[in-house]
Amino acid sequence: MDTTTVDKFVDSWGSMGSLWGVNTSVARVHGLLIATETPWCLDDIAQRLSMSKSNVSTSLKELRSWSVIRKTFVAGDRREFYICEPDVWKMLFCIMRERKKREFDPLVTNIQETLESAKAAPDGIALERLKQMEQMLQTFDMLAVKLLSGESQARSVISFFTGRT
């Protein structure tokens, strides 16, 4: 892919990441690794994206914690190199699992705690609304757990709903 196309993708991925609550630098590094085939070392990423090495290092650490990139080694070079998870579906499921853990699970816990506190001082409509919210979130949680438990199972469900294989 030519440099201009990669640059456009990196900028677009960075903007999208920002909209989804992901640090723009993290998303840009991820975009670079998605759009290119060769392994990248920290220094080359920093130079290519005009970012500080510390920012790139932090971004790489974050992306590794999401399991969407991994370290690799290049023969004859002592530096650490990074590549993107090659299977985009696996990448998607890694992101979904991490977002559920970081964002959705604490919300479910918070609603449950709020509901327990609200039961102590019942308020009628608000209490009923909180109960409905808890039931709805528990339903979504069960669906998410089932979908994210196995990628092949999730792909089958997605294929069923979209008609795509």
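Brief remarks follow.
- Filter result (loosely packed, with under 11 Cβ neighbours inside 10 Å and over 21 Å from Arg28 (Cβ atoms)) within the stretch 62-102: Ala75, Gly76, Asp77, Arg78
- The selection criterion, being among the small types (Gly, Ala, Ser), in contact (Cβ under 8 Å) with a residue 24 or more places away in the chain and in contact with a Ser or Thr (Cβ under 9 Å, 6 or more places away or on another chain), holds for Ser25.
- Residue ID - farthest from Trp89 (Cα to Cα), chosen from residues in the stretch 1-50 that are of a type in the set (S, T, N, Q) and assigned to a loop (DSSP other than H, G, I, E, B): Ser50
- Scanning the stretch 41-93 for residues that are over 30 Å from Ala154 (Cβ atoms) and among the polar types (S, T, N, Q) yields Gln47, Ser50, Ser52, Ser54, Asn55, Ser57, Thr58.
- Of residues in the stretch 124-147 being modelled with pLDDT under 85 and among the hydrophobic types (A, V, I, L, M, F, W, C), the one nearest to the chain's Cα centre (by Cα): Leu147
- Every condition in (1) assigned to a helix (DSSP H, G or I); (2) closer than 30 Å to Cys41 by Cβ is met by Gln135 except one, and the failing one is (2).
- All positions within the stretch 64-88 that are among the polar types (S, T, N, Q) and either in contact with a strand residue (DSSP E or B) (Cβ under 8 Å, 6 or more places away or on another chain) or touching a residue at least 40 places away in the same chain (Cβ under 8 Å) (or both): Thr72
- Residue among Thr72, Thr162, Thr109 that alone is among the polar types (S, T, N, Q) and in contact with a Phe, Trp or Tyr (Cβ under 6 Å, 6 or more places away or on another chain): Thr72
- Checked against the criteria, Ala154 counts as under 19 Å from the mean Cα position of the chain (by Cα) and part of a helix (DSSP H, G or I).
- Residue in the stretch 6-15 that is surrounded by fewer than 14 Cβ atoms within 10 Å (Cβ to Cβ), among the β-branched types (Val, Ile, Thr) and not assigned by TED's automatic domain parsing to the domain that holds Arg155 present: no
- Residue pairs meeting the criteria (Cβ under 9 Å; at least 6 apart or on separate chains; first β-branched (Val, Ile, Thr) and surrounded by fewer than 12 Cβ atoms within 10 Å (Cβ to Cβ), in the stretch 123-147; second part of a helix (DSSP H, G or I) and modelled with pLDDT of 85 or more): Val145/Lys100
- Residue among Lys101, Lys61 that is free of Cβ contacts under 8 Å to residues at least 24 places away in the same chain, of a type in the set (D, E, K, R) and in the same structural domain as Thr24 (by TED's automatic domain parsing): Lys61
The values are calculated or read from the model by the stated rules, or taken from the named source; none is laboratory data. Computed from a prediction, not measured in an experiment: that's the story for all the values here. Here Cβ is always computed from backbone atoms with ideal geometry, including for glycine, and neighbour counts include all displayed protein chains.
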